[in-house]
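K.L.:
Please read through the structure below; I'll follow up with questions.
The values are calculated or read from the model by the stated rules, or taken from the named source; none is laboratory data. As the structure is a prediction and not an experimental result, all values here were calculated from the model. Heads up, the Cβs are rebuilt from the backbone with ideal geometry, glycines too, and the neighbour counts pull from every protein chain shown. Keep in mind that these areas ignore ligands, DNA and RNA; they rest on the heavy atoms of the full protein, side chains included. Shrake-Rupley method; radii C 1.70, N 1.55, O 1.52, S 1.80 Å.
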Amino acid sequence: VLIGTSASAVGVIYNTTVIDKLDADWTELADKQYKDMLAIPDPEKSGSCKDFLSGYFCTFGEDWSKWQALVDNGMVVPGANKAALEAVTTGEKGILIAGVDYNAYSAIEKGEPLALYYPKSGTVINPRPAMILKSSSNLENAKAFVDFLLSDTAQQLVADAYLLPGRADITCDN
């Protein structure tokens with residue numbers, strides 16, 4: 001049994017010193033006005049990006065021409081989530097496709113010139129589950145750990161870190 005302890009979403013993160021306002025849908029970012037401004041996390045190093053691509057292709061089909069258009073428009077892969085966000089935070093690139101929201105919200109709170117939105121055609125929510133294996137050699141501690149992950153304290157830590165709590169009764173105001 002997988003137990004949902006938290007979740008995050010991916011969106012489009014952009015540098016507000018490079019672009020004033022942005023609300024383009026995923027494939028609209030292939031427009032020439034965004035030439036050489038695009039970055040995406042490496043899906044081999046970012047589970048969130050890998051999940052996004054899987055969700056995208058499951059929803060819209062395996063039309064690689066749309067992704068080739070982004071590559072042809074200068075999209076680069078700077079590295080995992082942190083490196084990809086850093087490329088946009090510094091202004092090296094203006095737009096991060098499939099950036100994790102909690103990283104963006106944290107950077108924005110610290111004063112970085114970033115904004116985030118979720119494109120109109122939708123996005124992917126990345127669950128962060130826990131589970132206890134039947135073969136666990138220390139079942140009592142495993143249960144205690146899962147209980148902690150779902151506790152008021154841990155769930156508030158999740159919310160404070162800009163993640164979506166796994167419990168519906170924990171508010172996430174930020």
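K.L.:
Let a ≥ b ≥ c be the square roots of the eigenvalues of the Cα gyration tensor of region 42-131; is it rounded (a/c under 1.5), or, if not, prolate (a/b larger than b/c) or oblate?
P.N.:
oblate
K.L.:
Also, quick follow-up: With an 8 Å cut-off on Cα pairs and a minimum separation of 6 or more residues, tell me the relative contact order of region 29-80 in percent.
P.N.:
Across region 29-80, relative contact order equals 63 percent.
K.L.:
Another question, if that's okay. With an 8 Å cut-off on Cα pairs and a minimum separation of 6 or more residues, tell me the relative contact order of the chain in percent.
P.N.:
It comes to 38 percent, rounded to a whole number.
K.L.:
Next question, about the same structure. If the viscosity is 0.692 mPa s and the temperature 37 °C, what translational diffusion coefficient in µm²/s does Stokes-Einstein give for region 13-85 when Rh comes from Kirkwood over Cα pairs?
P.N.:
Rounded, D is 253 µm²/s.
K.L.:
Additional query: What does the accessible area per residue of the chain come to in Å², with a 1.4 Å probe and no ligands, DNA or RNA counted?
P.N.:
I get 55 Å² per residue for the chain.
K.L.:
Round to a whole angstrom and tell me the spacing of the C-alpha centers of region 8-38 and region 122-160.
P.N.:
Region 8-38 and region 122-160 have Cα centres spaced 34 Å from each other.
K.L.:
³J(HN,Hα) across region 69-74 via Karplus (A = 6.51, B = -1.76, C = 1.60, θ = phi - 60°), whole Hz, x for Gly/Pro?
P.N.:
4, 5, 5, 4, 8, x
K.L.:
Keeping all protein chains in the complex and leaving out DNA, RNA and ligands, what accessible area do you get for Glu140 with a 1.4 Å probe, in Å² to the nearest 10?
P.N.:
Glu140 exposes around 130 Å² with every protein chain in place.
K.L.:
Let me ask something else. In region 1-80, what percent of the accessible surface is made up of carbon and sulfur (1.4 Å probe, ligands and nucleic acids excluded)?
P.N.:
Carbon and sulfur: 51 percent of the exposed surface of region 1-80.
K.L.:
While we're on this one: Expressed in nm to one decimal, what extension gain is obtained for the pair Leu157 and Ala83 from 0.36 nm per residue of sequence separation less their Cα-Cα distance?
P.N.:
Extra length available between Leu157 and Ala83 comes to 24.2 nm.
K.L.:
Let me ask something additional. Would you please put 141-148, 49-56 in order of how densely packed they are, using the mean number of other Cβ atoms within 10 angstrom per residue and starting with the highest?
P.N.:
Per-residue mean Cβ counts within 10 Å order the peptides as 49-56, 141-148.
K.L.:
Explain nothing, just the number: dipole magnitude of region 115-174 about its Cα centre with +1 on each Lys and Arg Cβ and -1 on each Asp and Glu Cβ, in debye rounded to the nearest 20.
P.N.:
In total the dipole reaches around 340 debye.
K.L.:
How big is D, in µm² s⁻¹, for the chain by Stokes-Einstein at 4 °C and 1.567 mPa s if Rh is the Kirkwood radius over C-alpha pairs?
P.N.:
Calculated translational D: 75 µm²/s.
K.L.:
A further question on this structure: Per residue of region 17-31, what does 6.51 cos²θ - 1.76 cosθ + 1.60 with θ = phi - 60° give for ³J(HN,Hα)? Whole Hz please, x for Gly and Pro, Karplus curve as stated.
P.N.:
Along region 17-31, the couplings run 8, 9, 10, 5, 8, 9, 8, 5, 6, 3, 6, 5, 6, 7, 4 Hz.
K.L.:
Given a 10 angstrom Cα cut-off, can you work out which residue in Ile95, Ile132, Ile40 is the most mobile in a GNM of the chain?
P.N.:
Taking springs between Cα atoms under 10 Å, the residue moving most is Ile132.
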